[in-house]
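S.K.: Handing you this structure, nothing more for now.
The values are calculated or read from the model by the stated rules, or taken from the named source; none is laboratory data. Quick caveat: nothing in here was measured; it's all calculated off a predicted structure. Here Cβ is always computed from backbone atoms with ideal geometry, including for glycine, and neighbour counts include all displayed protein chains. Accessible surface is based on the protein model in full, side chains and every heavy atom, while ligands, DNA and RNA are left aside. Shrake-Rupley method; radii C 1.70, N 1.55, O 1.52, S 1.80 Å.
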Amino acid sequence: MAPIGTSERPLRVAIVGSGPSGFYAAGQLLKNRSHPDLNVQVDVYDRLPTPWGLVRGGVAPDHPNIKAVSRVYEKTATHPEFRFYGNIQYGVDLTHGDLVDRYHAVIYAVGAQTDRRLGIPGEDLLGSWAATEFVAWYNAHPDYRDLEFDLSCERAVVIGNGNVAADVARMLALTREELAVTDVADHALEVLADSAIREIVVLGRRGPAQAAFTNPELLELGEMTDADVYVDPRDVELDPLTRSWLESDEAGATQRRNVDILSGYASREPEGKRRRIVLRFLVSPVAILGEDRVEGIRICRNELREEDGSLRACSTDTIEELDCGIVFRSIGYKGLPLEGLPFHERSGTIPNEGGRILGEDGAPVRGEYAVGWIKRGPTGIIGTNKRDAQETVDALLADLDEGRLNEPADPSRESLEELLNERKRDHVTYVGWEAIDRAERAAGEPQGRPRVKLSTADELLAAAHEKEEAAR
Ligand SMILES: Cc1cc2nc3c(=O)[nH]c(=O)nc-3n(C[C@H](O)[C@H](O)[C@H](O)COP(=O)(O)OP(=O)(O)OC[C@H]3O[C@@H](n4cnc5c(N)ncnc54)[C@H](O)[C@@H]3O)c2cc1C
Ligand SMILES: NC(=O)c1ccc[n+]([C@@H]2O[C@H](COP(=O)([O-])OP(=O)(O)OC[C@H]3O[C@@H](n4cnc5c(N)ncnc54)[C@H](OP(=O)(O)O)[C@@H]3O)[C@@H](O)[C@H]2O)c1
């Protein structure tokens with residue numbers, strides 16, 4: 001038999017998930033320098049009819065330049081050996097066995113699909129939301145379209161000090177005019193534009209020096225058209241432990257700059273804008289309060305203590321209650337287990353070594369790989385996934401060279417397409433996605449918006465299949 005990766009026997013790779021990590025892995029396989037003559041076919045699956053993962057469903061609508069990274073993925077999709085199969089959910093429409101029977105290698109790139117929990121009373125009250133839900137709703141993710149966010153209260157509280165918390169705070173503070181030129185979901189545009197919220201309080205459990213914001217995102221909060229930023233000067237007075245940490249090599253330039261930015265905010269005079277964003281530090285939520293729905297939040301003051309080489313937030317007896325009508329918990333995303341694969345519950349990742357999935361016995365499972373957030377956890381910007389994908393792809397190609405890939409029963413493309421047509425006739429090909437893309441952009445053009453997103457599964461599938469039928 002011809003070796004795998006030749007024209008008689010192309011290397012067949014499935015990638016489950018079409019976010020940045022899946023697309024970078026696809027691109028690196030299809031155009032790799034270490035194996036220039038490799039004959040490889042890459043099939044990328046997604047549970048949604050649309051590709052790009054969090055680039056479409058996470059990145060904030062007022063950050064169109066960041067979304068432009070999709071051009072790189074569009075280029076990958078033009079490769080003749082690339083296929084996209086949308087509206088196919090691994091574990092539901094396609095099983096582990098289906099893939100093992102048909103591919104030499106499978107790369108799991110499913111991201112982190114849920115949120116971390118605070119584990120405090122009142123977390124499930126009406127009006128207490130995970131940032132994951134709010135973000136997916138304003139970005140037109142079809143599973144979240146019908147959520148109802150009541151923004152009729154005066155004060156919202158955002159828990160967490162990462163860039164997602166910054167996105168949430170900014171989205172709550174943008175003006176109608178600013179929102180109207182973005183690709184924010186139409187259903188969210190009206191609700192956000194009519195919001196009565198006047199104060200957005202962002203709670204950090206540690207100090208300004210430990211906040212996870214990156215500098216540009218923190219600076220943006222101070223440049224809102226219609227919201228003043230407020231930091232209590234006492235919150236930027238650094239404790240001795242933090243001061244010596246900041247002077248040490250452990251602290252990075254980002255943390256030092258964050259402290260400077262926040263000190264600048266603390267000395268600002270408010271300009272009397274319609275809203276204000278209050279950044280608070282060294283406070284943790286201990287309970288979300290209310291009878292039937294959120295009415296307030298109880299927070300405790302923290303102090304930092306050194307534990308296991310890092311500065312941890314430890315609660316004190318100082319308690320405070322804040323009235324608020326809505327709470328957004330933005331303390332991180334979390335991966336979910338996948339059918340047929342090992343899973344590390346605490347980190348929410350697939351156990352792996354450099355991308356090679358490890359079985360129960362700790363040894364690599366033949367032909368199975370992970371990439372992106374499901375590989376390393378829910379941190380890192382889009383570009384981080386490029387390097388990460390390279391590591392996984394390098395491991396896969398090394399295994400190809402060493403004869404360590406899977407030997408599928410029937411790797412032909414025909415067998416796969418037969419199966420998909422049987423299982424899920426309404427799957428979406430790349431032609432279908434391009435039709436959705438064109439329809440959305442065309443709807444956006446007269447309004448001066450990048451696109452008007454289709455936000456229900458029915459609308460998306462109708463737009464996709466109209467063109468696919470014509471192409472058949
Ligand atoms: C709210 C938010 C905003 C962000 N903004 C920025 C930003 O402005 N700039 C920046 O650089 N980074 C940003 N990031 C980080 C960036 O989005 C991530 O680093 C990146 O998306 C992770 O890529 P991924 O491919 O691992 O996961 P994802 O992007 O989540 O992609 C996973 C894909 O897998 C699919 N999938 C999941 N389960 C299944 C299944 N069972 N079967 C089939 N398909 C499945 C999903 O539908 C999805 O398309 C942001 C992150 C978030 C959460
Ligand atoms: N514009 C952008 O580039 C952009 C936009 C959005 C997201 N992203 C990236 O996407 C990744 C995910 O972002 P993220 O904001 O979800 O995660 P993140 O950066 O990990 O931030 C999570 C925040 O939640 C806090 N937290 C965790 N558990 C908590 C608890 N029990 N109580 C109170 N606070 C708690 C953390 O504080 P501790 O530090 O104390 O743990 C941290 O401040 C990040 O790498 C981010 O940079 C980038």
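S.K.: Which condition number in (1) more than 26 Å from the chain's Cα centre (by Cα); (2) open to solvent by less than 60 Å² (accessible area, probe 1.4 Å); (3) not β-branched (Val, Ile, Thr) is the one that residue 281 fails?
M.R.: For residue 281, the failing item is (1).
S.K.: Identify, please: which residue in the range 231-244 is surrounded by 15 or more Cβ atoms within 10 Å (Cβ to Cβ) and not acidic (Asp, Glu) and is, among those, nearest to residue 169 (Cα to Cα)?
M.R.: This residue is 231.
S.K.: Continuing with the same structure: Applying the selection to the range 33-65, what residues are among the charged types (D, E, K, R), out of contact with any Ser or Thr (no Cβ under 8 Å at 6 or more places or on another chain) and crowded, with 21+ Cβ neighbours inside 10 Å?
M.R.: Matches in the range 33-65: 43 only.
S.K.: Evaluate the range 245-259: report whether one residue or more is touching a strand residue (DSSP E or B) at 6+ places or on another chain (Cβ under 7 Å) and surrounded by fewer than 17 Cβ atoms within 10 Å (Cβ to Cβ).
M.R.: Checked the range 245-259: no residue is touching a strand residue (DSSP E or B) at 6+ places or on another chain (Cβ under 7 Å) and surrounded by fewer than 17 Cβ atoms within 10 Å (Cβ to Cβ).
S.K.: Continuing with the same structure: Quick check, is residue 452 β-branched (Val, Ile, Thr), farther than 30 Å from residue 176 by Cβ and surrounded by 15 or more Cβ atoms within 10 Å (Cβ to Cβ)?
M.R.: Values: β-branched (Val, Ile, Thr): yes; farther than 30 Å from residue 176 by Cβ: no; surrounded by 15 or more Cβ atoms within 10 Å (Cβ to Cβ): yes.
Taking the combined requirement at face value, the residue does not satisfy it.
S.K.: Same structure again: Could you list, in sequence order, the residues of the range 427-472 that are modelled with pLDDT of 95 or more, under 29 Å from residue 99 (Cα atoms) and outside any helix (DSSP H, G or I)?
M.R.: Those that are modelled with pLDDT of 95 or more, under 29 Å from residue 99 (Cα atoms) and outside any helix (DSSP H, G or I): 427, 428, 429, 456.
S.K.: Are any of the residues in the range 342-354 of a type in the set (Asp, Glu), surrounded by 13 or more Cβ atoms within 10 Å (Cβ to Cβ) and over 21 Å from residue 113 (Cα atoms)?
M.R.: no
S.K.: Right, here's the next one. For the range 41-53, enumerate the residues that are closer than 14 Å to residue 183 by Cβ and either aliphatic (A, V, I, L, M) or within 16 Å of ligand 2 (Cβ to nearest atom) (or both).
M.R.: Pass one, the range 41-53, residues closer than 14 Å to residue 183 by Cβ: 50, 52.
Residue satisfying the conditions is 52 alone.
S.K.: Determine which single condition residue 143 fails, assuming it passes every other condition in (1) in contact with a Lys or Arg (Cβ under 7 Å, 6 or more places away or on another chain); (2) within 13 Å of ligand 1 (Cβ to nearest atom); (3) more than 15 Å from residue 328 (Cβ to Cβ).
M.R.: All conditions pass for residue 143, except number (1).
S.K.: What is the residue count in the range 163-177 for residues that are open to solvent by less than 20 Å² (accessible area, probe 1.4 Å), out of contact with any strand residue (DSSP E or B) (no Cβ under 7 Å at 6 or more places or on another chain) and either among the β-branched types (Val, Ile, Thr) or over 12 Å from residue 60 (Cβ atoms) (or both)?
M.R.: Final tally of qualifying residues: 1.
S.K.: Another question, if that's okay. Restricting the range 49-87 to residues that are touching a helix residue (DSSP H, G or I) at 6+ places or on another chain (Cβ under 7 Å), among the hydrophobic types (A, V, I, L, M, F, W, C) and assigned to a loop (DSSP other than H, G, I, E, B), which is farthest from residue 450 (Cα to Cα)?
M.R.: Checked the range 49-87; the qualifying residue farthest from residue 450 (Cα to Cα) is 52.
S.K.: Being touching a Lys or Arg at 6+ places or on another chain (Cβ under 9 Å) and either within 16 Å of ligand 2 (Cβ to nearest atom) or open to solvent by less than 30 Å² (accessible area, probe 1.4 Å) (or both) is true for just one of 309, 325. Which residue is that?
M.R.: Only one candidate qualifies: 325.
S.K.: On to the next question. With the checklist (1) farther than 24 Å from residue 136 by Cα; (2) open to solvent by 20 Å² or more (accessible area, probe 1.4 Å); (3) within 15 Å of ligand 2 (Cβ to nearest atom); (4) among the small types (Gly, Ala, Ser) in hand, flag the one item residue 332 doesn't pass.
M.R.: With respect to (1) farther than 24 Å from residue 136 by Cα; (2) open to solvent by 20 Å² or more (accessible area, probe 1.4 Å); (3) within 15 Å of ligand 2 (Cβ to nearest atom); (4) among the small types (Gly, Ala, Ser), residue 332 is out only on (1).
S.K.: When only residues in the range 205-230 that are closer than 26 Å to residue 144 by Cβ and either within 16 Å of ligand 2 (Cβ to nearest atom) or among the polar types (S, T, N, Q) (or both) count, which is surrounded by the fewest Cβ atoms within 10 Å (Cβ to Cβ)?
M.R.: Here the answer is 214.
S.K.: Pairs only if they're at least six apart or on different chains, beta carbon under 8 angstrom, first in the range 360-377 and farther than 16 Å from residue 348 by Cα and away from ligand 2 (no atom under 14 Å from the Cβ), second open to solvent by 10 Å² or more (accessible area, probe 1.4 Å) and part of a strand (DSSP E or B); list them, first residue then second.
M.R.: Listed by first residue and then by second, the contacts come to 364/353; 364/356; 364/358; 365/356; 365/358; 368/356.
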